[in-house]
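Peer 1: The structure follows.
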Amino acid sequence: MRFLVFLITLFLLAKSMNLAAQSLLQHEFPDLRELIYEEKFDKLNPILSRSTLPDHFFAESVRDQLQDVSYLNSIEKDGKAAVFQLINTGNYHLELLLQSLNLSESERFFIYEVDRDINDATEIMNLESAFVKKMGWIIVEWNGPSEMKSSVDFSRFIRNAYLHRDASRSSTTGFGTSMECHININCHEGAPFSEVKDGIVRIRVVVEEGIGFCSGALINNTAEDETPYLLTAFHCMDGFTPIFDMWRFDFFYQGTDCSDPAVEPEFFSLTGAEYRAGHRDSDFMLLEITGPFPADFQIPFLGWDRREGYLPQNTALIHHPSGDIKKVSLYSNNLRVHSNRINWNNGTTTPAFSHYRQNLTSGTFEPGSSGSPLLSPEGRIMGQLHGGNSSCSIFLAYSGILYYSWDVGDMPNERLRDWLDPLNTGQDTLGMLMVEPTFFKVNIQGEITTAPGDPVGLVQVSLECEDGLSEHLVTTSDGSFHFELDFLEETVCHLFFSKDIDPLNGVNVLDIVGIRRHILQLDQLQGEQLIAADVHPDGVINVLDMVQIRRLILEMIGHFSEVESWQILPQSIEIELDTQEDFFFELTGVKMGDVNFSADPSR
């Protein structure tokens with residue numbers, strides 16, 4: 001009954017509103033109320049029998065179900081039309097992958113939940129591609145001119161639809177959902193890998209068939225040119241149709257210390273990648289992230305070790321089990337090469353000697369950990385996690401071997417060699433590359449002098465930038481100022497100038513005489529003299545200015561009431577910082593009230 005009351009209330013409150021700029025629930029639709037109240041059509045539900053969707057996926061495509069479980073209709077009013085789709089997701093979250101809308105100025109596109117205040121509706125503007133997540137009764141609405149109604153096709157807007165299936169599984173995914181026996185990366189077990197941990201990311205995998213989690217790591221190449229290659233597992237998308245431009249890479253998704261945080265930590269994401277290489281035999285996949293790194297990114301590109309006979313102790317996996325925050329698992333014994341084939345539950349078989357085998361001695365792994373780097377004691381990548389048997393009592397892990405992946409295929413898109421050794425050095429190992437913030441250096445300098453050319457000291461100069469930078473200094477006796485800046489990215493700064501000390505400096509009866517002669521047109525003040533005389537700042541030199549100066553000389557006032565004792569021209573300067581170009585500014589200082597330039601500008 002609450003839906004019926006909600007809809008009628010909205011109708012009464014919004015009779016006079018313009019349909020083209022509002023959502024359809026501002027109007028009364030008896031058939032829509034009946035559909036909601038009596039649930040006239042089926043809910044979206046996960047296809048629980050679908051065995052082809054592996055455990056690291058938490059959502060599956062229901063695009064083909066939308067026509068069967070939704071209601072499509074339209075209305076018209078006053079030359080406007082609304083085409084809408086009503087979807088019942090039940091108790092599951094639905095993510096709609098939208099594609100470029102290319103809406104005209106007269107069109108609107110909304111997505112919202114029916115049982116919430118209509119002001120919370122998400123209006124979708126023109127975009128390249130994006131996800132919108134909702135649950136329950138969902139309205140997808142287009143509105144605009146009536147003559148455009150017939151051309152509206154929601155398949156043009158909705159690239160795919162994914163239903164979360166957490167409620168149908170024994171466990172959910174995401175923050176706080178991994179098993180209790182995991183070890184957070186910032187516990188003491190993760191300390192040997194503190195330098196490389198930030199280069200390991202959670203991957204939100206998007207394929208036509210579903211959405212899931214994997215793990216991966218940025219990896220260095222011999223050119224050390226900061227190409228954002230990322231190594232992960234081939235089976236993260238094997239057998240499906242990847243939408244790589246929507247793959248999301250979550251950096252710094254980890255707790256601050258050893259304990260599990262009560263609140264989900266913030267993280268930074270980049271979206272979009274291109275496939276570079278991969279192979280089933282060693283289950284490797286190399287991607288190149290296309291989302292640009294921020295200028296202030298400080299991130300490691302992990303080194304690698306492809307020595308065939310190197311089987312060290314104290315190796316580690318760093319990963320995001322179940323899509324949770326970053327964890328670490330350790331193996332204290334010597335690494336072993338598995339000498340047999342492995343039959344995997346997705347129907348693939350990997351050959352003998354293509355995988356390392358670890359009986360983990362600390363921590364474990366879960367779906368979502370796939371693709372995490374197998375690290376040597378030096379923190380170099382030796383392979384990536386494929387899978388195995390895991391729980392809080394079984395810890396058998398298999399990882400594809402890097403030296404096997406190096407030359408496994410005949411073509412560059414089947415092996416790592418061409419990408420990780422573009423210089424063809426043949427080297428077996430490569431160290432970590434730490435990408436530091438890209439700073440640009442710029443000098444902002446200037447000189448402030450009086451009209452006769454004397455330097456003006458003791459001017460307060462403030463630099464305020466839109467990126468939050470704020471610096472202040474005072475001009476020296478030679479009237480100069482100098483800011484030396486390091487900035488990360490384009491920004492706009494402003495210089496402000498102020499000197500409001502010793503107002504009587506240079507002000508005497510001769511200045512009043514000079515102003516009187518100007519008013520009587522016996523002499524004419526010029527240039528900066530006119531600015532100095534206008535102490536009652538109205539743009540006109542008159543008796544009011546003389547009165548202000550006389551009161552100051554007679555010590556009836558301590559300073560000019562409406563102007564500072566000095567005026568610096570220009571009063572402010574805007575600077576666009578987008579290159580390493582240096583700046584130099586010449587400014588003029590005017591002592592207010594001093595029309596004959598007798599002031600001492602050094603004080």
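Peer 1: Can you say whether Ser462 is of a type in the set (Ser, Thr, Tyr), under 30 Å from Val595 (Cβ atoms) and under 36 Å from the mean Cα position of the chain (by Cα), as far as the supplied structure shows? If you could, list the steps in order and put the result at the bottom.
Peer 2: Details: of a type in the set (Ser, Thr, Tyr): yes; under 30 Å from Val595 (Cβ atoms): yes; under 36 Å from the mean Cα position of the chain (by Cα): yes.
For Ser462, the condition - of a type in the set (Ser, Thr, Tyr), under 30 Å from Val595 (Cβ atoms) and under 36 Å from the mean Cα position of the chain (by Cα) - is met.
Peer 1: Please specify each residue of the range 433-448 satisfying the condition of being open to solvent by less than 70 Å² (accessible area, probe 1.4 Å) and more than 30 Å from Phe497 (Cβ to Cβ).
Peer 2: Result: Leu433, Met434, Val435, Pro437.
Peer 1: Hey, can you tell me all the residues within the range 575-596 that are at pLDDT 95 or above, more than 12 Å from Asn443 (Cα to Cα) and either surrounded by fewer than 12 Cβ atoms within 10 Å (Cβ to Cβ) or of a type in the set (Ser, Thr, Tyr) (or both)?
Peer 2: Scanning the range 575-596 gives Glu586, Thr588.
Peer 1: Which is among the small types (Gly, Ala, Ser), in contact with an Asp or Glu (Cβ under 6 Å, 6 or more places away or on another chain), closer than 19 Å to Glu60 by Cβ and touching a residue at least 24 places away in the same chain (Cβ under 8 Å), of Gly144, Gly136, Gly90? Walk me through how you get there before you give the answer.
Peer 2: Details: Gly144 fails: closer than 19 Å to Glu60 by Cβ; Gly90 fails: in contact with an Asp or Glu (Cβ under 6 Å, 6 or more places away or on another chain).
Testing whether each residue is among the small types (Gly, Ala, Ser), in contact with an Asp or Glu (Cβ under 6 Å, 6 or more places away or on another chain), closer than 19 Å to Glu60 by Cβ and touching a residue at least 24 places away in the same chain (Cβ under 8 Å) leaves just Gly136.
Peer 1: When you go through Gly388, Gly383 one by one, which is the residue that is open to solvent by less than 10 Å² (accessible area, probe 1.4 Å) and either under 32 Å from the mean Cα position of the chain (by Cα) or within 22 Å of Ile203 (Cβ to Cβ) (or both)? Can you show your working first?
Peer 2: Working: Gly388 fails: open to solvent by less than 10 Å² (accessible area, probe 1.4 Å).
Being open to solvent by less than 10 Å² (accessible area, probe 1.4 Å) and either under 32 Å from the mean Cα position of the chain (by Cα) or within 22 Å of Ile203 (Cβ to Cβ) (or both) holds for just one of Gly388, Gly383, which is Gly383.
Peer 1: Say we look at the range 333-377 and pick out the residues that are of a type in the set (Gly, Ala, Ser) and under 26 Å from Phe249 (Cα atoms); which of these is surrounded by the fewest Cβ atoms within 10 Å (Cβ to Cβ)? Don't jump to the end; show me each part of the working.
Peer 2: Going residue by residue through the range 333-377, those that are of a type in the set (Gly, Ala, Ser) are 339, 347, 352, 354, 362-363, 368-372, 376.
Still in the running and under 26 Å from Phe249 (Cα atoms): 363, 368-372, 376.
Working: Gly363: 27, Gly368: 30, Ser369: 30, Ser370: 30, Gly371: 33, Ser372: 35, Ser376: 23.
Filtering first and then ranking leaves Ser376.
Peer 1: Still on this model: Select from the range 136-155 the residues that are β-branched (Val, Ile, Thr) and either in a strand (DSSP E or B) or within 31 Å of the chain's Cα centre (by Cα) (or both) and list them in ascending order. Write out each step before concluding.
Peer 2: Quick first cut of the range 136-155, residues β-branched (Val, Ile, Thr) only: 138-140, 152.
Within the range 136-155, Ile138, Ile139, Val140 meet the criteria.
Peer 1: Would you mind listing the strands (runs of 3 or more DSSP E) fully within the range 364-448 where at least 2 residues are at positive phi? First the steps, then the outcome.
Peer 2: Numbers: elements: 373-375, 381-390, 395-401, 433-435.
So the answer is 381-390.
Peer 1: Then there is this: Which residues, taken from the range 564-597, are in a loop (DSSP other than H, G, I, E, B) and of a type outside the set (Asp, Glu)? Let's see the steps before the verdict.
Peer 2: At the first step, the residues of the range 564-597 found to be in a loop (DSSP other than H, G, I, E, B) are 564-565, 570-571, 578-582, 592-597.
Those that are in a loop (DSSP other than H, G, I, E, B) and of a type outside the set (Asp, Glu): Ser565, Pro570, Gln571, Thr579, Gln580, Met592, Gly593, Val595, Asn596, Phe597.
Peer 1: What pairs come out if I take residues in the range 228-245 that are touching a residue at least 40 places away in the same chain (Cβ under 8 Å) and under 16 Å from Gly387 (Cα atoms) and pair them with residues that are of a type in the set (A, V, I, L, M, F, W, C) and part of a loop (DSSP other than H, G, I, E, B) whose C-beta lies under 9 Å away, six or more apart or interchain?
Peer 2: Pairs found: Leu231/Leu416; His235/Trp344; Met237/Trp247.
Peer 1: Which of the residues belonging to the range 479-499 are open to solvent by 60 Å² or more (accessible area, probe 1.4 Å) and either modelled with pLDDT under 95 or among the β-branched types (Val, Ile, Thr) (or both)? Step through it out loud before you land on a result.
Peer 2: Step one: list which residues in the range 479-499 are open to solvent by 60 Å² or more (accessible area, probe 1.4 Å), which gives 482, 484, 486, 489-490, 496.
Result: Glu484, Asp486, Glu489, Glu490.
Peer 1: Within the set of pairs 6 or more residues apart or between chains, which connect a residue that is more than 14 Å from His355 (Cα to Cα) inside the range 306-317 to a residue that is buried (at least 23 other Cβ atoms within 10 Å of the Cβ) and acidic (Asp, Glu) with Cβ atoms less than 6 Å apart?
Peer 2: Partner pairs satisfying both residue conditions: none exist.
Peer 1: Out of (1) touching a Lys or Arg at 6+ places or on another chain (Cβ under 9 Å); (2) more than 22 Å from Pro228 (Cβ to Cβ); (3) open to solvent by less than 10 Å² (accessible area, probe 1.4 Å), what's the single condition that is false for Ala316?
Peer 2: Checking Ala316 against (1) touching a Lys or Arg at 6+ places or on another chain (Cβ under 9 Å); (2) more than 22 Å from Pro228 (Cβ to Cβ); (3) open to solvent by less than 10 Å² (accessible area, probe 1.4 Å), the one that fails is (1).
Peer 1: Restricting to the range 261-298, name every residue that is within 23 Å of Glu226 (Cβ to Cβ) and not in a strand (DSSP E or B). Let's see the steps before the verdict.
Peer 2: Step one: of the range 261-298, the residues within 23 Å of Glu226 (Cβ to Cβ) are 267-278, 284-298.
Residues satisfying the conditions are Phe267, Gly272, Thr290, Gly291, Pro292, Phe293, Pro294, Ala295, Asp296, Phe297, Gln298.
Peer 1: So the check is Cβ under 7 Å with 6+ separation or different chains; which pairs have a first residue in the range 428-444 that's more than 30 Å from His494 (Cα to Cα) and modelled with pLDDT of 95 or more and a second one that's basic (Lys, Arg) and open to solvent by 30 Å² or more (accessible area, probe 1.4 Å)?
Peer 2: Here the result reads Asp428/Arg306; Asp428/Arg307; Thr429/Arg307; Thr429/Arg380, each pair linking the range 428-444 to a residue that is basic (Lys, Arg) and open to solvent by 30 Å² or more (accessible area, probe 1.4 Å).
Peer 1: Which ones in the range 53-84 are farther than 30 Å from Asp238 by Cβ, open to solvent by 10 Å² or more (accessible area, probe 1.4 Å) and either assigned to a strand (DSSP E or B) or in contact with a Gly (Cβ under 8 Å, 6 or more places away or on another chain) (or both)?
Peer 2: Passing the criteria: Ser70, Tyr71, Leu72, Asn73, Ser74, Ile75, Glu76, Lys77, Lys80, Val83.
Conditions (1) open to solvent by 50 Å² or more (accessible area, probe 1.4 Å); (2) within 30 Å of Asn102 (Cα to Cα), marked per residue:
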| residue | (1), (2) |
| --- | --- |
| Ala191 | yes, no |
| Arg202 | no, no |
| Gly210 | no, yes |
| Pro228 | no, no |
| Leu231 | no, no |
| Phe251 | no, no |
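Peer 1: Pairs under 8 Å by beta carbon, first residue in contact (Cβ under 8 Å) with a residue 40 or more places away in the chain in the range 373-384, partner open to solvent by 10 Å² or more (accessible area, probe 1.4 Å) and assigned to a strand (DSSP E or B), six or more apart or different chains?
Peer 2: Hits for this filter: Arg380/Thr429; Arg380/Leu430.
Peer 1: When residues of the range 449-468 are filtered for being assigned to a loop (DSSP other than H, G, I, E, B), open to solvent by less than 70 Å² (accessible area, probe 1.4 Å) and farther than 30 Å from Phe301 by Cα, how many remain? Break it down stepwise before answering.
Peer 2: If we filter the range 449-468 for residues that are assigned to a loop (DSSP other than H, G, I, E, B), which is where we start, we get 450-454, 456-459, 466-468.
From the residues that got through so far, the ones that are open to solvent by less than 70 Å² (accessible area, probe 1.4 Å) too are 450-451, 453, 456-457, 459, 468.
From what is left, the residues that are farther than 30 Å from Phe301 by Cα are 450-451, 453, 456-457, 459.
Selection size over the range 449-468: 6.
Peer 1: Applying the selection to the range 85-111, what residues are open to solvent by less than 20 Å² (accessible area, probe 1.4 Å), hydrophobic (A, V, I, L, M, F, W, C) and either within 16 Å of Lys133 (Cβ to Cβ) or at pLDDT 85 or above (or both)?
Peer 2: Leu86, Ile87, Leu94, Leu96, Leu97, Leu98, Phe109, Phe110, Ile111
Peer 1: Quick one: how many residues across the range 469-525 are free of Cβ contacts under 8 Å to residues at least 60 places away in the same chain, over 23 Å from Ile568 (Cα atoms) and in a strand (DSSP E or B)?
Peer 2: So the count comes out to 1.
Peer 1: Would you mind stating whether Asn508 is more than 16 Å from Val590 (Cα to Cα), touching a helix residue (DSSP H, G or I) at 6+ places or on another chain (Cβ under 7 Å) and open to solvent by less than 80 Å² (accessible area, probe 1.4 Å)? Working first, answer last.
Peer 2: Values: more than 16 Å from Val590 (Cα to Cα): no; touching a helix residue (DSSP H, G or I) at 6+ places or on another chain (Cβ under 7 Å): yes; open to solvent by less than 80 Å² (accessible area, probe 1.4 Å): yes.
It is false that Asn508 is more than 16 Å from Val590 (Cα to Cα), touching a helix residue (DSSP H, G or I) at 6+ places or on another chain (Cβ under 7 Å) and open to solvent by less than 80 Å² (accessible area, probe 1.4 Å).
Peer 1: If I filter the range 526-539 down to residues being free of Cβ contacts under 8 Å to residues at least 60 places away in the same chain and in a loop (DSSP other than H, G, I, E, B), which single residue comes out as surrounded by the most Cβ atoms within 10 Å (Cβ to Cβ)?
Peer 2: If we take residues in the range 526-539 being free of Cβ contacts under 8 Å to residues at least 60 places away in the same chain and in a loop (DSSP other than H, G, I, E, B), then Val535 is surrounded by the most Cβ atoms within 10 Å (Cβ to Cβ).
The values are calculated or read from the model by the stated rules, or taken from the named source; none is laboratory data. Values in this document were obtained by computation on a predicted structure and should not be read as measured data. Note that each Cβ is placed from the backbone with ideal geometry, even for glycine, and that neighbours are counted across all protein chains shown. Note: areas computed on protein heavy atoms with side chains; ligands, DNA, RNA excluded. Shrake-Rupley method; radii C 1.70, N 1.55, O 1.52, S 1.80 Å.
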